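The values are calculated or read from the model by the stated rules, or taken from the named source; none is laboratory data. Computed from a predicted structure; not experimentally measured. Note: ideal-geometry Cβ built from the backbone for every residue, glycine included; neighbour counts use all protein chains shown.
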């Protein structure tokens, strides 16, 4: 019975994580992030999975949130990232957390 409960709990967590990932991808679409980025391949900007890999284990969320808000250039090549001043800070936090969790 305990094993069955653990399996059900694990499945529920998995479904919650999958639902959260879909919600975060929808947020990226809503704010037009996917016009320049893709999840698993380079586009105009780096793939989100490459961003996650580059910063794995580093405490960079605040730095990346600032970069999303104000834009930046030079880290991933010559194409600058445009600033996104109209995206709410709470959404930027969710998006950066989603990307870093990949």
Residues of segment 57-79 classified as farther than 14 Å from residue 96 by Cβ and at pLDDT 95 or above, total: 2
Yes/no for residue 90 being part of a helix (DSSP H, G or I), without any contact (Cβ under 8 Å) to a residue 60 or more places away in the chain, out of contact with any strand residue (DSSP E or B) (no Cβ under 8 Å at 6 or more places or on another chain) and surrounded by fewer than 12 Cβ atoms within 10 Å (Cβ to Cβ): yes
Subset of segment 40-51 that is touching a residue at least 40 places away in the same chain (Cβ under 8 Å) and buried (at least 16 other Cβ atoms within 10 Å of the Cβ) - its residue that is nearest to the chain's Cα centre (by Cα): 48
Residues that are at pLDDT 95 or above and more than 19 Å from residue 90 (Cα to Cα), drawn from segment 18-42: 35, 36, 37, 38, 39, 40, 41, 42
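Could you list all residues from segment 56-81 that are surrounded by 15 or more Cβ atoms within 10 Å (Cβ to Cβ) and either free of Cβ contacts under 8 Å to residues at least 40 places away in the same chain or part of a helix (DSSP H, G or I) (or both)? First the steps, then the outcome.
Step one: list which residues in segment 56-81 are surrounded by 15 or more Cβ atoms within 10 Å (Cβ to Cβ), which gives 60-61, 64-65, 67-69, 72, 76, 81.
Answer for segment 56-81, where residues must be surrounded by 15 or more Cβ atoms within 10 Å (Cβ to Cβ) and either free of Cβ contacts under 8 Å to residues at least 40 places away in the same chain or part of a helix (DSSP H, G or I) (or both): 61, 64, 65, 67, 68, 69, 72, 76.
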